[in-house]
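This report refers to the structure that appears directly beneath it.
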Amino acid sequence: MGRHSIPDPDESAGDEQHEDPETTRFGQADEPESDYGTEEFDEPGYRTSDHESRDFAGFDLQRVGSSSTPPPPSRPRSGPQHGGDWDGGEWTGSHRAVTPGRRGVSIGVIAALVTVIIVVGAVIVWRFFGDALSTRSDAAAARCVNGELAVPVVADPSIAEQLKPLAERYNQEADPVGDRCVKVGVTPADSDQVVNGFIGKWPAELGERPALWIPASSVSAARLEASAGEKTISDSRSLVTSPVLLAIRPQLKPALAQQNWAALPSLQTNPTALDGLGLQGWGSLRLALPMSGDSDASYLAAEAVAAESAPAGEPPSAGIGAVNSLVSGQPKLADKKASTAMDALLNADDPADAPVHAVVITEQQLFQRGTTLPDAKDVVTSWLPPGPAAVADYPTALLAGDWLSQEQVAAASEFARFMRKPEQLAELTKAGFRTQGGTPPQSDVTDFAPLAAPLSIGDNGVRVSLADSLTAPAESPAVTIMLDQSMPAVEGGKSRLANVAAALDARLQALPPNSAVGLWTFDGVQGRSEVPMGPLSDQLNGTPRSATLTSELSGQTASSGGAVSFTTLRLVYEQAKASYRQGQNNSILLITTGPHTDQSLNGPGLEDYIRGAFDPARPVAVNVIDFGQDADRPTWEAVTAASRGKYQNVASSEGPELTSAIAGFLG
């Protein structure tokens with residue numbers, strides 16, 4: 001039968017037949033029209049169906065024909081109506097009989113409510129765990145999702161231990177860089193280790209090359225730039241300071257009350273200097289200048305001595321001879337460590353007989369040493385020479401190079417700024433460093449006295465030259481300088497020739513008195529001997545050879561008429577062979593810009609001459625400092641190789657590169 005048909009008499013109530021698909025057997029808002037059209041029915045025996053206006057709640061669905069209580073009276077309603085004389089049944093509009101029963105909460109409603117609760121609960125749980133997972137994801141991103149960003153830092157041993165806890169604090173507070181947590185690691189290293197590592201092979205014990213270097217002073221930064229190039233350091237600023245002073249026995253302090261930096265060389269070299277100051281039996285000053293673990297104190301003391309010893313109106317380089325005297329007269333110890341020198345000062349039973357009477361040291365290092373001594377004030381004190389203060393300024397030198405990533409450079413810069421915050425500076429003040437606005441700690445060995453204005457050397461080339469006088473003490477060479485006068489180019493406000501002459505003079509001041517030196521010059525016309533070779537201490541017309549050399553160098557005037565360098569070198573080489581000095585390194589130092597203008601001797605001819613003239617038993621090396629793009633470079637390289645010398649090309653006479661080259665070639 002059709003969907004809305006009355007059952008035929010021969011159809012049993014239990015054998016319903018559904019032609020419609022199952023999904024259309026429930027009341028739908030868009031049901032298709034029935035077989036009866038739109039006509040309304042109100043025939044007896046039919047009860048109106050209320051499935052379109054009521055829910056099924058409160059009714060039990062039973063099969064037609066099942067026993068039940070009599071249905072309640074029908075209620076009138078509008079719309080198509082169907083009825084039937086079903087015993088105990090009621091049409092529902094879907095071929096089901098509904099038998100009213102006891103009203104209660106429908107299982108469907110309960111199931112719906114439970115479903116709603118489950119869904120809502122699931123949403124809440126999902127959002128809770130979603131937020132938790134999101135939070136954990138954010139936290140994970142902040143805790144090294146992509147690992148750690150190592151930022152190597154190398155620092156002077158005197159400050160490295162104080163920086164390590166600051167680095168740990170920074171690592172905990174620093175924001176991640178590219179989902180990588182910053183990990184600053186601090187390694188202690190003397191300045192010589194770092195400078196030599198950049199020149200040659202980096203020491204494995206120092207780890208990776210650093211992104212940040214904190215040497216004890218800017219002298220070391222200048223040395224690194226002179227060796228590895230000025231672009232090696234991108235930024236350098238002082239973090240903390242500590243003045244250089246002398247650690248001495250208390251008995252010596254009154255005797256030094258009227259002395260200064262300039263007096264130290266004579267106190268060092270005079271065997272009865274302290275006797276003359278009221279300390280009978282003490283002898284000379286016996287001042288040690290350590291080169292390891294000294295926080296650059298010896299470099300800075302050398303600068304102070306040179307500046308105070310230079311004649312009035314002269315640059316500090318004019319006082320390098322005094323530095324050489326101070327270094328040559330220092331006590332002979334087992335090594336050059338600061339700790340060894342301090343032990344020699346403190347451990348002697350009789351201060352007068354001690355191998356060391358004084359040690360160049362920073363205030364901070366002396367403060368730290370004093371904290372380890374039970375009777376510190378009775379065995380050691382400090383003396384701060386008057387005048388401009390030699391100060392270790394502990395710069396934060398940010399390095400630049402292809403071994404660093406941009407993230408490492410940025411993190412190193414942030415760490416440098418972090419260390420300058422008041423909280424971190426307060427920790428460094430406690431360790432004995434001077435900081436802006438910081439209150440020094442109490443000490444029995446130093447009083448943290450107010451300082452005069454810091455000593456200013458100015459030129460990095462001079463600083464490097466003064467430092468070289470300590471790191472590479474001058475030997476006693478036998479050298480003839482051959483100087484090209486055709487160098488009129490202006491560099492740094494002076495002619496190239498003037499810059500070269502000044503650098504030569506500064507180095508000559510550091511040479512021992514028994515060094516043999518001569519001077520030749522050449523231009524486009526001829527070569528000439530200005531000062532014959534001989535010991536610096538010898539007299540020439542009543543004047544020491546050293547003073548004559550200084551006068552000749554300062555009086556040089558640049559020309560632009562060419563350079564007869566090839567023929568002049570042949571003359572000089574013959575003379576050097578004739579005046580060969582046994583027991584000394586014999587050499588010629590040729591400084592030129594080129595190109596040569598010789599007419600009688602070309603490059604191959606000069607090379608052949610040197611090969612034939614060189615005597616392995618009495619070697620005279622030819623060393624060449626050559627400026628710029630010299631067309632004669634191949635010839636000079638061949639000549640130096642044939643004579644066991646060295647060739648070095650220099651871009652400019654203004655920077656420290658020239659100073660280092662001259663220091664290397666002049667012993």
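The values are calculated or read from the model by the stated rules, or taken from the named source; none is laboratory data. Remember, it's a predicted structure, so these values are computed and weren't measured experimentally. Quick reminder, even Gly has a Cβ in these numbers, built from the backbone with ideal geometry, and neighbours come from all protein chains shown.
Data table
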| quantity | calculated |
| --- | --- |
| Residue within the stretch 219-226 that is modelled with pLDDT of 95 or more and closer than 24 Å to W383 by Cα present | yes |
| Residues located in the stretch 478-511, provided they are without any contact (Cβ under 8 Å) to a residue 24 or more places away in the chain and either in a helix (DSSP H, G or I) or small (G, A, S) (or both) | G493 |
| Residues of the stretch 531-548 that turn out to be closer than 28 Å to D632 by Cα and either outside the structural domain of L519 (by TED's automatic domain parsing) or aliphatic (A, V, I, L, M) (or both), as a count | 2 |
| Candidate set: the stretch 180-190, residues that are out of contact with any Lys or Arg (no Cβ under 7 Å at 6 or more places or on another chain) and within 22 Å of R369 (Cβ to Cβ); chosen: the one surrounded by the fewest Cβ atoms within 10 Å (Cβ to Cβ) | P188 |
| Test: residue in the stretch 169-179 that is on the phi > 0 side of the Ramachandran plot, out of contact with any Ser or Thr (no Cβ under 8 Å at 6 or more places or on another chain) and surrounded by fewer than 15 Cβ atoms within 10 Å (Cβ to Cβ) | yes |
| Single residue of P290, P316, P311 found to be under 20 Å from A501 (Cα atoms) and either surrounded by 20 or more Cβ atoms within 10 Å (Cβ to Cβ) or touching a Cys at 6+ places or on another chain (Cβ under 8 Å) (or both) | P316 |
| Strands (runs of 3 or more DSSP E) (entirely within the stretch 549-667) containing at least 2 residues that are out of contact with any helix residue (DSSP H, G or I) (no Cβ under 6 Å at 6 or more places or on another chain) and not assigned by TED's automatic domain parsing to the domain that holds G321 | 586-592, 621-627 |
| Number of the exception - A631 against (1) out of contact with any His (no Cβ under 9 Å at 6 or more places or on another chain); (2) exposed (fewer than 14 other Cβ atoms within 10 Å of the Cβ); (3) touching a residue at least 12 places away in the same chain (Cβ under 8 Å) | (1) |
| Qualifying positions in the stretch 201-230 - of a type in the set (D, E, K, R) and under 14 Å from N460 (Cβ atoms) | R223, E225, E230 |
| Test result for K164, surrounded by fewer than 22 Cβ atoms within 10 Å (Cβ to Cβ), assigned to a loop (DSSP other than H, G, I, E, B) and assigned by TED's automatic domain parsing to the domain that holds F418 | no |
| Breaking point among (1) in contact (Cβ under 8 Å) with a residue 60 or more places away in the chain; (2) in a strand (DSSP E or B), for R209 | (2) |
| Number of positions in the stretch 298-348 that are modelled with pLDDT of 95 or more, touching a helix residue (DSSP H, G or I) at 6+ places or on another chain (Cβ under 8 Å) and either among the hydroxyl-bearing types (S, T, Y) or assigned by TED's automatic domain parsing to the domain that holds S217 (or both) | 2 |
| Enumeration of residues in the stretch 271-287 that are acidic (D, E) and crowded, with 21+ Cβ neighbours inside 10 Å | none |
| Qualifying position, being under 28 Å from P604 (Cα atoms) and at pLDDT 90 or above, among V572, V531 | V572 |
| Failed condition for G281, given (1) within 22 Å of S191 (Cβ to Cβ); (2) part of a loop (DSSP other than H, G, I, E, B); (3) not acidic (D, E) | (1) |
| The stretch 622-638, residues that are modelled with pLDDT under 95 and of a type in the set (A, V, I, L, M) | A631 |
| Conditions (1) over 17 Å from S486 (Cα atoms); (2) surrounded by 15 or more Cβ atoms within 10 Å (Cβ to Cβ); number of the one not met by A563 | (1) |
| Single residue of L212, L166 found to be under 16 Å from D393 (Cα atoms) and in contact with a helix residue (DSSP H, G or I) (Cβ under 6 Å, 6 or more places away or on another chain) | L212 |
| Pairs with Cβ under 7 Å, 6+ apart, first in the stretch 439-457 and under 10 Å from P243 (Cα atoms), second loosely packed, with under 15 Cβ neighbours inside 10 Å and of a type in the set (G, A, S) | none |
| Selection from the stretch 388-411 of residues that are farther than 13 Å from T241 by Cβ, of a type in the set (D, E, K, R) and either surrounded by 18 or more Cβ atoms within 10 Å (Cβ to Cβ) or in contact (Cβ under 8 Å) with a residue 12 or more places away in the chain (or both) | E407 |
| L536 of a type in the set (A, V, I, L, M, F, W, C) and crowded, with 19+ Cβ neighbours inside 10 Å | yes |
| Conditions (1) buried (at least 16 other Cβ atoms within 10 Å of the Cβ); (2) out of contact with any Leu (no Cβ under 7 Å at 6 or more places or on another chain); (3) polar (S, T, N, Q): number failed by Q258 | (1) |
| So R463, is it under 29 Å from A226 (Cβ atoms), at pLDDT below 95 and of a type in the set (K, R) | yes |
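Here's the yes/no breakdown for (1) within 25 Å of P535 (Cα to Cα); (2) within 39 Å of the chain's Cα centre (by Cα); (3) in contact (Cβ under 8 Å) with a residue 12 or more places away in the chain:
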| residue | (1), (2), (3) |
| --- | --- |
| Q584 | yes, no, yes |
| L589 | yes, yes, yes |
| N602 | no, no, yes |
| V639 | no, no, yes |
| N649 | no, yes, yes |
| S652 | no, yes, yes |
| S660 | yes, yes, yes |
